[in-house]
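The following block contains the structure, expressed as structure tokens.
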Amino acid sequence: MSLTTQPAIDQVDVRGPRFAAWLTTAVLLAVLALSAVHVPAAAALLAAQAVVFAIGAALGPRRHPYGRLFATLVAPRLGPPTDREPVAPLRFAQFVGVIFATTGVAGFALGAPLLGAIAAALALAAAFLNAAFGICLGCQIYPLIAHLRHSAGAASTYFRRSAGAASTELGR
């Protein structure tokens, strides 16, 4: 009898990403408020949030600055986690945040403050949905992107094999 083991999926306490989403919501609200009175300050704060998103995308929720705050200041005061979620979709969601934040920074920096505000508002909406309702939009999109990546890889392999077979047939 052969037992096959599947690799364990890296998971985190769901309360950590929700905490991070609340902090992100606060930062993005501040960005929008600042954009009405001082666009360079809004751009700087949004750039800082973009860096936070990038760290989360690259290193995951445990090493995300807000994740570290949660682990240090909040988690010790809570009971053990009752629900966990996989890390990969969370990292993808942070990557989506990077895209919106850098678009916003570019808008603010290049004299298109409306673009900056719209990008920040979209990121704010996603962060608030996650914080208040546990709906992670990036996490919802992740399975589709993973499926498309897998399908594209399979198609690429199929076409490489087909091309190899065709060139072998032509060579005979």
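What are the residue pairs meeting all of these: first residue in region 52-65, first residue surrounded by 17 or more Cβ atoms within 10 Å (Cβ to Cβ) and modelled with pLDDT of 95 or more, second residue among the polar types (S, T, N, Q) and assigned to a helix (DSSP H, G or I), Cβ atoms under 6 Å, and 6 or more apart or on different chains?
53/94; 56/94; 57/94
Return the residues of region 23-51 that are under 14 Å from residue 109 (Cα atoms), in contact (Cβ under 8 Å) with a residue 60 or more places away in the chain and surrounded by 16 or more Cβ atoms within 10 Å (Cβ to Cβ); say none if nothing qualifies.
31, 35, 39, 42, 43, 46 - these are the residues of region 23-51 that are under 14 Å from residue 109 (Cα atoms), in contact (Cβ under 8 Å) with a residue 60 or more places away in the chain and surrounded by 16 or more Cβ atoms within 10 Å (Cβ to Cβ).
Which residues, taken from region 79-128, are free of Cβ contacts under 8 Å to residues at least 40 places away in the same chain and of a type in the set (D, E, K, R)?
91
Under 9 Å by Cβ, and 6 or more places apart or on different chains, what pairs join a residue from region 3-21 that is over 11 Å from residue 85 (Cα atoms) and surrounded by 15 or more Cβ atoms within 10 Å (Cβ to Cβ) with one that is modelled with pLDDT of 65 or more and of a type in the set (Ser, Thr, Tyr)?
19/66; 20/66; 21/66
Which one is nearest to residue 135 (Cα to Cα) among residues in region 66-102 that are of a type in the set (Lys, Arg) and surrounded by fewer than 20 Cβ atoms within 10 Å (Cβ to Cβ)?
Taking the candidates together, the pick is 84.
Among the numbered conditions (1) modelled with pLDDT under 95; (2) crowded, with 16+ Cβ neighbours inside 10 Å; (3) closer than 17 Å to residue 26 by Cα, tell me where residue 124 comes up short.
Every listed condition holds for residue 124 apart from (1).
The values are calculated or read from the model by the stated rules, or taken from the named source; none is laboratory data. This structure is a prediction, so every number in the text was calculated from the model and none was measured. Note that we place each Cβ from the backbone using ideal geometry, even for glycine, and neighbour counts take in every protein chain shown.
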